[in-house]
Every structure is written in C-alpha cells, then in structure tokens.
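Next up is a structure, given as structure tokens.
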Amino acid sequence: MAKNQASVHIPGTRVLMVPPEGYPLMASLGRFEKDPDYFIEVDESGSSSFYKRKSHIDQVINIAKARGLKLYYEKEFNFGPYRAYLIYGPENNPDREQIVMILGNDDFVTTLSGVFMKGDHSARNATLKSILSAYVDTSIKPDLSLFANYRLELSGTPFKYCAHTAKSYYYTPGGVGDPQNDLGMTQVLVTEFPPMDRKGIHNFSLTELDKYRQAGFDISSETQKDTSVGGLFASQVIFHGDFRKKATTVYQLVTSNDRVGVLFCGVAFNG
C-alpha cells in the first residue's frame, strides 16, 4: 500500500486511489464513473470491521453459491497494515461483472466495488489495477456533509442515526447495532444512486428485491405498484416473509429526479 501522486481522495472516506483513465469522480456518490455500466465506488464504515463485513459477505456468497453462483476468483490476504478480501465474479446484471475488495481491521472497513461489462478484459484489468492502488490516509476525517440530500422525519419513533457509508444512511431503534452487516435488524435505510428514468427505476427496484432473496430472505408474498412522491415517478414494493426464522415485513420505495435516485427502505421484524 502506497500513496501515489495520481491518487484521488474519495469524499466521505479516508481512501485515496488512482482511477482508470476516463473515470471522473462523482463526489456526491463516492464513485468514479465512466458511464452507468463502468464505475468504481467506495464506501467506508467506522461502525463495523473487516471481520464483520467478511463474515456477512461469506454468508451471502454461500447462499448464492448454493443457488448456482460461480465466482471466478477469490482471495484473502494482507494489504499493507490491513486485511483484505478480493472477489471477482458476475454482477446482478447478467451483462456485467464486478471486482470487489473489502479492506480494514478491527476498527473500520472500506469496500471498493468495480463494475464493467462482461468480457471487457481491458476494463477488468484497469478496474483491478485501480482497486489495488487503494491507500488509507488515517489523518483524514471523513466529511459527511456532502451526503444525505434528503430529510427523514423520525420524531415520535425509536429510530436514530446509526451508521453511514458513502451513499447510505442507516437508522435503527436507539441508534445501536451493526445494520450494514446484520440483516436481521429492524432498520431504516436511505441510499442514493445516479439518476434513473422510469425503466431504470423499475429495474433497480426489482434488483433490490432479488438481493434480499440472495441474502436469505424467504419471500412469501409481495406487492409492487407505481406511485409518485412529490410529483416524481416512484416504484413501491412491500413484501412479507421470514429471515432466520423471524417473520419480517419490508417496505421499499425507489424514485429519482434528474440529479439523483433515492432508495428508501424499512425492514421490520416481528419478535
């Protein structure tokens, strides 16, 4: 691990990396993006650790492998003073692939995720080189003021702010726990994405639903409908099921304007 003169700091994190040529920084989203199919995004958490994130990823991958997922490559190794875990495999979009590396220690974890079109070996190599250029500058205090371009009314509820990544904010009862890695927690999640049209909103909404299935949620019933929020088109999904033998209800709303897309999600467990 070494800091390079060409390294660029990703706002909201302590991470610097050298982006591939033609990948400008989208500061408010914590990513370098060539276009929607080619990007590298970075998030960092001080409320979790490398080992918690690795355990969570292992669970998700094992469930996916049981359903037929085949990773192309995976390796755990030392990366400077930190522990790292690198995986290369298919992405939720069947036309794309991804390289993901988690990096951290007992006190924090950062996740670097690169996405590119399937079969584009040049982009794959550039993505891997960029991810492996990551450098953690512990003197940096992440500035979170660039994010959370929304207001969430939580008065009268037990929910309080709990954790943050470059694009996501988690709220839990009492503001405690590790919702990023413990999917079995009641929580509210708000995540920002690049702007989407109606088709993109629909596809994104269904992709998020698939992620719950891949993570082990057994969905017994679901309802989907088009709606609007503040005059903007939105896709709403409500599903019931169970996770780890606990009954659960999930409410999900995806909307977008011409500047940013937003996912609002509430997960409630019974008992």
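The values are calculated or read from the model by the stated rules, or taken from the named source; none is laboratory data. Being a predicted model, the structure only gives us computed values, none of them experimental. Positions of Cβ are generated from backbone atoms using ideal geometry, with glycine treated the same way; all protein chains shown enter the neighbour counts. Just so you know, the surface numbers come from the protein's heavy atoms only, side chains and all, with ligands and any DNA or RNA stripped out. Shrake-Rupley method; radii C 1.70, N 1.55, O 1.52, S 1.80 Å.
Need a quick list: strands (runs of 3 or more DSSP E) entirely within the range 23-80 having at least 2 residues that are touching a Ser or Thr at 6+ places or on another chain (Cβ under 6 Å).
38-45
Related question: Looking at the range 104-130, I want the residues that are acidic (Asp, Glu) and have a partner that is surrounded by fewer than 19 Cβ atoms within 10 Å (Cβ to Cβ) with Cβ atoms under 8 Å, at least 6 apart or on another chain. Which pairs are those?
Correct list of pairs: ASP106/TYR51; ASP107/GLY46.
For the range 81-116, enumerate the residues that are part of a strand (DSSP E or B), open to solvent by 40 Å² or more (accessible area, probe 1.4 Å) and in contact with a helix residue (DSSP H, G or I) (Cβ under 7 Å, 6 or more places away or on another chain).
ARG83
Enumerate the pairs (first residue in the range 219-242 and in contact (Cβ under 8 Å) with a residue 24 or more places away in the chain; second residue anywhere and open to solvent by 50 Å² or more (accessible area, probe 1.4 Å) and among the aliphatic types (A, V, I, L, M)) with beta-carbon separation below 9 Å, excluding pairs fewer than 6 apart on the same chain, so at least 6 apart or on different chains.
SER235/LEU206; VAL237/LEU206
On to the next question. Mind checking which residues of the range 218-249 are closer than 18 Å to PHE193 by Cβ and among the hydrophobic types (A, V, I, L, M, F, W, C)?
VAL229, LEU232, PHE233, ALA234, VAL237 - these are the residues of the range 218-249 that are closer than 18 Å to PHE193 by Cβ and among the hydrophobic types (A, V, I, L, M, F, W, C).
Considering only the range 174-219, state which residues are of a type outside the set (Asp, Glu), open to solvent by 30 Å² or more (accessible area, probe 1.4 Å) and in a helix (DSSP H, G or I).
ARG198, LYS199, HIS202, ASN203, PHE204, LEU206, THR207, LYS211, TYR212, ARG213, GLN214 - these are the residues of the range 174-219 that are of a type outside the set (Asp, Glu), open to solvent by 30 Å² or more (accessible area, probe 1.4 Å) and in a helix (DSSP H, G or I).
So that you can scan it fast, the table gives a plain yes or no per residue for (1) farther than 20 Å from HIS56 by Cα; (2) modelled with pLDDT of 90 or more:
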| site | (1), (2) |
| --- | --- |
| GLN187 | no, yes |
| THR191 | no, no |
| ARG213 | no, no |
| PHE239 | yes, yes |
| LEU253 | yes, yes |
